[in-house]
């Protein structure tokens, strides 16, 4: 097992979590002006802003460990796809509303327990960020859960779309519950969350919701991995192209 | 889902220092619970409120403008319904 300097490892951990938040936040922002109706569009945009805010806090914290004085912008705008370490589920295209809201449910259910654990971290900054994020996530989960039940147990069309979204997201859940050497070391130090422990409760909670939504838990077990190592789907490059364009073409530009 | 399949709700918000809920606008939602959540997203983004009420617009019974005369005019010639109509006796210092 590789051994890491704890500070460096914590910095990398903050960047990973920041990447998850930034990429999902950006995906959700794509609904802005494309929402199914005005009220839902505002709700999606608000959720997006919650994630962007979370990414800013995590990147800023990572910057505090940086010898060269890196800022949140350096992490968001000046890295290429291979340097992003988000779980792949966050970067998948929004798809239809069924896909977007099913992904939110997967992530919200995960975050509820993950953030609860992280708020107990020995790293006080990570703990404080988690404590703030829990409140947002409780709201996010209420929304995604209600929608999944309503659309799953809705019309034939909405049910089919929800089942299709569920089936195509299924293999992307696996990564969220795996840890690598860096995280293992931080878990031992009481800093990181042991995501492996969250899998059963997640599965149970999801399955309860799916039953109520008259949806079928996929039986086929497949998995896509690579995000934490910087191996991405082709989608991340497209996100970065759009997200980083202005900053890279006019470096140092301020609003 | 077309908007006309949804219900219209009226939104009332009580601000931090406000004593009563004030009407702030309306929105579309499937049900009361969703209306409450959308009200939070649409009308309290800048910390405008600490309490939200939503009520189905259909459930509001409103006075009609063409009935205004019958409704309100009869009060116009009854000045004795205002406190200022009465002269305060000198012995009453404050009221």
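Each value in this text was obtained by applying a stated rule to the coordinates, not by laboratory testing. In this text the structure is predicted, and so the values were computed from the model without any measurement. Cβ: placed from backbone, ideal geometry, glycine included. Neighbour counts: every protein chain shown.
Do you know the relative contact order of chain B, to the nearest whole percent, from alpha carbon pairs under 8 angstrom that are 6+ apart?
27 percent
Between residue A:167 and residue B:48, what's the calculated FRET efficiency when r is the beta-carbon distance and R0 is 30 Å? Round to 0.05.
E between residue A:167 and residue B:48, to the nearest 0.05, is 0.10.
Round to the nearest 0.05 the FRET efficiency obtained for residue B:76 and residue A:142 when R0 = 41 Å and r is the Cβ-Cβ distance.
The pair residue B:76/residue A:142 has a calculated efficiency of 0.20.
How do A:20, B:90, A:180 rank when sorted from fewest to most other Cβ atoms within 10 Å of their own Cβ?
Starting with the residue having the fewest Cβ neighbours, the order is B:90, A:180, A:20.
Take the eigenvalues of the Cα gyration tensor for the stretch A:120-161, scale each by 5, and report the square roots as semi-axes in whole Å, largest first.
Each semi-axis is the square root of five times an eigenvalue, giving 35, 8, 6 Å.
Given N residues in the protein assembly as shown, what is its alpha carbon radius of gyration divided by 2.2 N^0.38 Å?
1.29
Counting alpha carbon pairs within less than 8 Å and at least 6 residues apart, what relative contact order, in whole percent, applies to chain A?
26 percent
Any idea what the alpha-carbon Rg over 2.2 N^0.38 Å comes to for the stretch A:90-218?
Rg over 2.2 N^0.38 Å, computed on Cα atoms: 1.12.
Give me the one-decimal Kirkwood hydrodynamic radius in Å for the stretch B:1-59, with the sum taken over alpha-carbon pairs.
11.5 Å
With just the Cα atoms defining each centre, how far is the stretch A:17-58 from the stretch A:178-226? Give it in Å.
That distance is 23 Å.
Tell me, what are the semi-axes, in whole angstrom and largest first, of the equivalent ellipsoid of the stretch A:146-233 as set by the roots of 5 times the Cα gyration tensor eigenvalues?
In descending order, the three semi-axes are 31, 15, 9 Å.
Please rank A:72, A:220, A:40, fewest neighbouring Cβ atoms within 10 Å first, as an exposure proxy.
A:220, A:72, A:40
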